[in-house]
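Quick notes on the structure that follows.
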Amino acid sequence: MTQKILVILAHPVPASYCGALANAYAEGAGEARAEVRRLVLAELSFDPVRAGPGPVETDIVHAQDAIRWAEHLVFVYPIMWGTIPALLKGFIERAFVPGFAVDFPKGSRLWSRLLKGRSARLIVTMNSAPVIYRWVFGGPAHRTMKRAILGLCGVSPVRITEIGPMRTASKERREAWLEAVRRVGRALA
């Protein structure tokens, strides 16, 4: 059976190195005969800070449909000020709502994980060395995505590919990272 993979690009500039990484993963997964769809958050039309009830934008509904369709979610984004980009945070707050990603049954202290049965890969770029990000800063974006967001919704396992430091990377190093991500895509991981 063909694996259904949704690649979610969460960089505010689609033509960025993160965009190239998203393409590399999708190409690798396609070579492994996965069915791949893409979601470019910067191209969606939605209000990332709207609170309260009201109509849900068409792009959010389509994004939720794509997430429901997928068996494996691949998020590609840069670490910005130690955490996930505002674009990704706003998207999660609008799309991963009760009734879609989680549910809080009346009278229960527990929640239902509505995205159970899916796995995820986080492909993350950063300007610091990954070991510094994890050991000195504690990897806050990794914990947020893996545990507080995806884990809460039932997505497991969540694997992380860290790429950095970007600011000092040579063209050859960047090409090597693209090939490494292409291999991860081929492995459907």
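The values are calculated or read from the model by the stated rules, or taken from the named source; none is laboratory data. Just so it is clear, the structure is predicted and the values come from calculations on it, not from any experiment. For neighbour counting, all protein chains shown are included, and Cβ atoms are generated from backbone atoms with ideal geometry for every residue, glycine included.
Inclusion of Tyr133 among residues that are buried (at least 17 other Cβ atoms within 10 Å of the Cβ), touching a residue at least 24 places away in the same chain (Cβ under 8 Å) and farther than 20 Å from Ile5 by Cα is warranted. Being of a type in the set (D, E, K, R), in contact with a strand residue (DSSP E or B) (Cβ under 8 Å, 6 or more places away or on another chain) and touching a residue at least 12 places away in the same chain (Cβ under 8 Å) is a condition met by no residue of region 167-189.
Give me the residue from region 49-64 that is at pLDDT below 90 and not basic (Lys, Arg) and, out of that set, surrounded by the fewest Cβ atoms within 10 Å (Cβ to Cβ).
Applying the filter and picking the extreme gives Gly52.
Among the residues of region 31-83, those that are free of Cβ contacts under 8 Å to residues at least 12 places away in the same chain and small (Gly, Ala, Ser) comprise Ala51, Gly52, Gly54.
So, in region 134-163, how many residues would count as being among the hydroxyl-bearing types (Ser, Thr, Tyr) and touching a helix residue (DSSP H, G or I) at 6+ places or on another chain (Cβ under 8 Å)?
Total satisfying the criteria: 2.
Given the criteria among the basic types (Lys, Arg) and in contact with a Lys or Arg (Cβ under 7 Å, 6 or more places away or on another chain), does Arg174 qualify? Considered against the rule, which asks whether it is among the basic types (Lys, Arg) and in contact with a Lys or Arg (Cβ under 7 Å, 6 or more places away or on another chain), Arg174 comes out as no. Between a first residue in region 104-118 that is at pLDDT below 90 and a second residue that is of a type in the set (A, V, I, L, M) and not in a loop (DSSP other than H, G, I, E, B), which pairs have beta carbons less than 6 Å apart while being 6 or more apart in sequence or on different chains? Matching pairs, first to second residue: Trp111/Val102.
Restricting the search to region 48-100, which residues are part of a helix (DSSP H, G or I) and among the small types (Gly, Ala, Ser)? Residues satisfying the conditions are Ala63, Ala66, Ala86, Gly90, Ala95. The number of residues in region 141-167 being buried (at least 16 other Cβ atoms within 10 Å of the Cβ) and not hydroxyl-bearing (Ser, Thr, Tyr) comes to 16.
Residue under question is Arg174, and the condition is that it be surrounded by fewer than 17 Cβ atoms within 10 Å (Cβ to Cβ), under 16 Å from Leu21 (Cα atoms) and of a type outside the set (Asp, Glu); does it hold? Judged against the criteria, Arg174 is a match. Applying the criterion of being touching a helix residue (DSSP H, G or I) at 6+ places or on another chain (Cβ under 8 Å) and among the aromatic types (Phe, Trp, Tyr) to the residues of region 91-117, the residue that is farthest from Leu44 (Cα to Cα) is Trp111. Residues that are within 13 Å of the chain's Cα centre (by Cα), in a helix (DSSP H, G or I) and of a type in the set (D, E, K, R) are absent from region 28-44 altogether.
Leu87 meets each of the listed conditions (1) more than 12 Å from the chain's Cα centre (by Cα); (2) of a type outside the set (Gly, Ala, Ser); (3) surrounded by 17 or more Cβ atoms within 10 Å (Cβ to Cβ) apart from (1).
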